[in-house]
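The values are calculated or read from the model by the stated rules, or taken from the named source; none is laboratory data. Given the structure is predicted, the values throughout are model-derived calculations rather than measurements. For neighbour counting, all protein chains shown are included, and Cβ atoms are generated from backbone atoms with ideal geometry for every residue, glycine included.
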């Protein structure tokens, strides 16, 4: 199999290796690549070609997803830089961050228990704003300061925010359903 | 005068020969087959000029099988052996099927897919569907004048792995080579989008006889990208008929009717529903076999009222799909209506209110899916012309996961991932010295295994005995472009591997399919060997043609020696295909694939490079 595993997703999509990404260029490259490798182009060919096409198309989709999502993209940049984001091992977050986490969690829990859809939606919006600020910081750390240790810390914050975002979505879904 | 060219017998004909490919809409109520003729998609009618084939199959006591209109005629007199709406049973157990109690069938309960006892023995829904496909295949071959190279068969977007696999199995039984399983709303979007040169975000609201799908697509410059899909695989026009049927029973104050009377009233309910599309009221006047007379009038308003909850039920998936796509209703540029059930005026009203715009009803809701499937089949068969080049990027409708401790689901592939997709997840052992691990693959959105659909179970054995938590077992999911899953598990330190093609718990085993194929062939007076031979010859021929085309376009990727090896391999495989030993051809095909593997890999690399060529180099940071 000739899938070049050493080629990173940024080179595959011909994009600069950076956190800031041109969404339209990324999507255009995704479409261009898929129009060459997608299994629909190989449906009338022998099984070996079909298999290869599926592997390539799978890799192209995975690359697109990784570069498209801010958190996945940041994590991927850390991997490329050889920095362990410490997702599983590093639990030594700052006390201030842990406090903040608890406050958010309590607010969501209270709103959920009280069945307050409006309150949950407000939290949802506040959290989105917060996520934007954190992502701006991440862009600075990765693209300008190249401070990967700080970036790893920010990535962990962002993971927490996304998880909380999912919890709010689930709570809203449960209240609506 | 130009001379006509005639190919030497056994030699491949011109590389651009037109391959016969069709799109099949295998519907709950009706099925259609369509093809692209002179660049235009058309439905193929039967001798009587009808495009729609009722998806009805009757097993006669004399051993004959009726399909379509003929079968429908017997629906009240031979209800038990006349199977309607069999799509509802595909990949399903008895407990999954709604309204079993009012169905006239003799169900065989048991593990796995539901079976029906008929005068011709026990039939699986896969076999019943295969009968419908056989008729459509014969219609297509007669109309096109040759054997089909393959078909695109449409499935509801919300069909899970078991239902998709069952559909593919039915095609196999009917001798139809499946080029692709295509989601119905996506097929409709292709037909609509290509005809109208549409650009932007569209919703497809597809209410069929037994299934409901809602897909959100982004159409841009020939790319049809599905952003999200949602639905209800057990909600359709049939449910509106059923509600009306129940209401007739209530109003006419009838005791539980006989099976035959029930079928008759169901037919009346359906006719009334259809009448209410164009009229304000529908009279129901029928004398039952019990002597009771039913004489009532249903108004459009009555009908809308009694089915309001069903209409509301379709709006929940609409909301979910929009949320998954991150869009508000007013960001949708147009709503394409698909499926006969969308003719009901109160459905159109509800959709118009929800999206704040009139839905698009300028296409035939019965045919649009088959037409889109035909266009895709034409492209997949390799008949694609340069100018009508498009790309479909579809998604998996339901998340895939594994059971973990406490009956919880660990999601591995999230819903709405673009296909094809692969994901891996690592697990570890629970006990010291544990050497085996059992996996349970499920599909669905709920947290508890019990609330999801069980797809398959398999075991990985031979894990080296280590302390608990030391072994690392990597489970990989691969979902192909048909939305079908295969799973493999591997212990990372020892490399012990278990690989399973997910054969759904609600599917048929390979043995069962082989048995069905065999009996079907005996029935047709054919024999297994000649079928196997033909299959291998077709595959061999396909490989030769593909290699010749590749040599013509990319021969420069090979040096003289490599070229010689491939030329020799082609000659060898051609000689084998002319023989009658299917095993030798199979071996030859495998050897041929090995010889040409490197060439194929280089071609793939070349095409990827060319996809990105013409891009400015200064955009790259090196």
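So the values come out like this:
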{"item": "Qualifying residue in the stretch B:421-435 (condition: touching a residue at least 24 places away in the same chain (Cβ under 8 Å), buried (at least 17 other Cβ atoms within 10 Å of the Cβ) and under 22 Å from the mean Cα position of the chain (by Cα))", "result": "yes"}
{"item": "Only listed residue being modelled with pLDDT of 90 or more and within 14 Å of another protein chain (Cβ to nearest Cβ), chosen from B:21, B:41", "result": "B:21"}
{"item": "Odd one out for residue B:416, checked against (1) within 14 Å of another protein chain (Cβ to nearest Cβ); (2) out of contact with any helix residue (DSSP H, G or I) (no Cβ under 7 Å at 6 or more places or on another chain); (3) on the phi > 0 side of the Ramachandran plot", "result": "(2)"}
{"item": "Of the criteria (1) within 27 Å of residue B:343 (Cα to Cα); (2) within 17 Å of the chain's Cα centre (by Cα); (3) more than 11 Å from every other protein chain (Cβ to nearest Cβ), which one residue B:398 fails", "result": "(1)"}
{"item": "Selected residue (criterion: farthest from residue B:186 (Cα to Cα)) from residues of the stretch B:203-223 that are touching a strand residue (DSSP E or B) at 6+ places or on another chain (Cβ under 7 Å) and surrounded by fewer than 24 Cβ atoms within 10 Å (Cβ to Cβ)", "result": "B:222"}
{"item": "Qualifying residue in the stretch A:31-47 (condition: within 7 Å of another protein chain (Cβ to nearest Cβ), touching a residue at least 24 places away in the same chain (Cβ under 8 Å) and either under 13 Å from residue B:604 (Cα atoms) or surrounded by 21 or more Cβ atoms within 10 Å (Cβ to Cβ) (or both))", "result": "yes"}
{"item": "Selection from the stretch B:419-431 of residues that are within 13 Å of chain A (Cβ to nearest Cβ) and part of a loop (DSSP other than H, G, I, E, B)", "result": "B:419, B:420, B:428"}
{"item": "Residues located in the stretch A:48-81, provided they are surrounded by 21 or more Cβ atoms within 10 Å (Cβ to Cβ), closer than 30 Å to residue B:542 by Cβ and in contact (Cβ under 8 Å) with a residue 40 or more places away in the chain", "result": "A:52, A:56, A:60"}
{"item": "Qualifying residue in the stretch A:17-27 (condition: facing chain B (nearest Cβ under 8 Å), in contact (Cβ under 8 Å) with a residue 12 or more places away in the chain and closer than 30 Å to residue B:381 by Cα)", "result": "no"}
{"item": "Of all residues making up the stretch B:153-182, the number that are surrounded by 24 or more Cβ atoms within 10 Å (Cβ to Cβ), within 14 Å of another protein chain (Cβ to nearest Cβ) and over 17 Å from residue B:28 (Cα atoms)", "result": "2"}
{"item": "Residues within the stretch B:188-202 that are modelled with pLDDT of 90 or more and out of contact with any helix residue (DSSP H, G or I) (no Cβ under 8 Å at 6 or more places or on another chain), tallied", "result": "2"}
{"item": "Residue in the stretch B:92-106 that is assigned to a helix (DSSP H, G or I) and within 25 Å of residue B:370 (Cα to Cα) present", "result": "no"}
{"item": "Residue match in the stretch A:85-92 (condition: within 14 Å of chain B (Cβ to nearest Cβ) and either modelled with pLDDT of 90 or more or more than 20 Å from residue B:218 (Cβ to Cβ) (or both))", "result": "yes"}
{"item": "Filtered residue count, the stretch A:131-162, keeping only those that are under 16 Å from the mean Cα position of the chain (by Cα) and without any contact (Cβ under 8 Å) to a residue 40 or more places away in the chain", "result": "7"}
{"item": "Any hit, the stretch B:374-389, residues being in a loop (DSSP other than H, G, I, E, B), modelled with pLDDT of 90 or more and in contact with a helix residue (DSSP H, G or I) (Cβ under 8 Å, 6 or more places away or on another chain)", "result": "no"}
